[in-house]
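Every number in this text was worked out from the coordinates using simple rules, so none of it is lab data. Note that the structure is predicted; figures quoted are calculated from it, not measured. With ideal geometry, Cβ positions are generated from the backbone for all residues, glycine too; neighbour counts draw on all protein chains shown.
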Amino acid sequence: MAPLWAFLTGQKRGIQVKKWVLKRRMKGLPKKGDMELKFETLPELQEGQYLAKAVYFSVDPTLRLIIDTLALGSVLPCAQIAKIRASKNKNYPVGAYVHGYFGWRTYTIDDGCSRENPTYLLPTYLNAEFGEDDPDYTNANFNRIRASYGLGILGMPGIAAYFGMMEILHPQEDEVVVVSTAAGAVGSMATQIAKNILGCKVIAITGKNSKGDFLLDYYAIDDYINYTTHDVEAKLNILAPEGVDCYFDNAGGEISNAVIANMNNFGRIAQCGATSAYCGDRPAKISQWQIIQKQLTVEGFHCTRWHDRWFEAMDSMHRWWRGHTLMGAETSSKGFLNFREAFRYVFTNSSLGKVIISRK
């Protein structure tokens, strides 16, 4: 007999779930045979549970690090925006959108009680599904914000940028702030907060002139450095002869050494990411003597530290977005089966802003 919730969702039999699992250990960039598509049939929905159908998937470079800790056969982890299709939990009503770390799977049964991977309902203003060809995709309709923004500007990247700036760096007006991987999901938010909210001088570090030009034209940063064509240390000395006060670091490695060499005494560093080491590359040695000599403050962080304040950050980011002070940038593709290609894409220096996949 088919599960009760299968009838509630129009299914005559248990829902078949597609999921991407780890097939073999990765070496370097992800390859075709490293992961495989598997199927499972969901059981009957129990009291206190709800059924969520994936709508948008987050594609993150940090997955490359997490994969090395997974057992073979494990579902590849990621954050999702999902829509609740059936529910026996009054806190998760049918039709609502939920943010959860459900992984690369098309359907999930959850109870909302996990402490390690907490879920939460999206604010009601994140209530739309539409593509870039829809007129409401633009910022003109503030009552229909694409739910995928819950993975970007109004999700973990925006939250990380918010707390990294507001709680760790505390940049003051007219201080010099440098952001590495500045056209990425977190970096693109950090540059805007520093420049447009806090009034700092902002220098971005990125890997393509087209990305730097975008940041100049749309985010009003002061200047950028293309680390693939310039000596970062020398160029930064020219662009910021007064020295660097704050560094929002998403890159690590030699780029960080170059920035540290230009930092002022008592400068502050928020260590948010280390993209230079995500694919097993040999990490650069950090100049600890300069950190000591300049009496720098270096603080690593993860936005989960402020989990009880996430909605504070989301509300602030939403307010700034509505006021046209912040913009959200996405690189999106369609189709659950395109995961492998999208995952490789985040390491090609081609994406802008948050990389997502819509299920269809």
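Observations on the model:
- Along the range 61-67 the Karplus relation, 6.51 cos²θ - 1.76 cosθ + 1.60 evaluated at θ = phi - 60°, assigns HN-Hα couplings of x, 5, 4, 4, 6, 5, 4 Hz to successive residues, with x for each Gly and Pro.
- Within the shell of other residues whose beta carbon sits under 11 angstrom from the beta carbon of Cys303, the net charge comes to +1, with Lys and Arg scored +1 and Asp and Glu -1.
- Checking the Cα-Cα distances for Lys334/Lys354; Lys31/Lys53; Lys32/Lys360 against a 23 Å cut-off, the pairs over it are Lys31/Lys53.
- Added length on full extension, which subtracts the Cα-Cα distance from 0.36 nm per residue, Leu29 to Asn237: 71.5 nm
- The stretch between Lys88 and Leu37, if pulled fully straight at 0.36 nm per residue, gains 15.4 nm over its current Cα-Cα span.
- Sequence-separation-based contact order of the chain, relative, with Cα cut under 8 Å and 6+ spacing, percent: 16
- Dividing the convex hull volume of the alpha-carbon atoms in the chain by its residue count gives 137 Å³ per residue.
- Using θ = phi - 60° in the Karplus curve 6.51 cos²θ - 1.76 cosθ + 1.60, the 3J(HN,Hα) couplings for the range 69-80 round to 9, 8, 6, 4, x, 6, 5, 5, x, 5, 7, 10 Hz; x is entered for Gly and Pro.
- Around Asp315: net Lys/Arg minus Asp/Glu count, Cβ-Cβ under 11 Å: +2
- Most mobile of Thr191, Thr206, Thr41 in a GNM of the chain (Cα contacts under 10 Å): Thr41
- Rg over Rh for the range 171-302 works out to 0.93, both radii taken from alpha-carbon positions and Rh defined as the Kirkwood radius.
- Part-to-part distance (alpha-carbon centres) for the range 181-203 and the range 227-269, which is given in Å: 15
- Averaged over residues, the count of other Cβ atoms within 10 Å places the peptides 98-108, 155-165, 248-258 in the sequence 155-165, 248-258, 98-108, highest first.
- In sequence order, the range 38-51 has phi-based couplings of 10, 10, 8, 9, 6, x, 5, 5, 9, 4, x, 9, 9, 9 Hz under the Karplus curve 6.51 cos²θ - 1.76 cosθ + 1.60, θ = phi - 60°, and Gly or Pro positions carry x.
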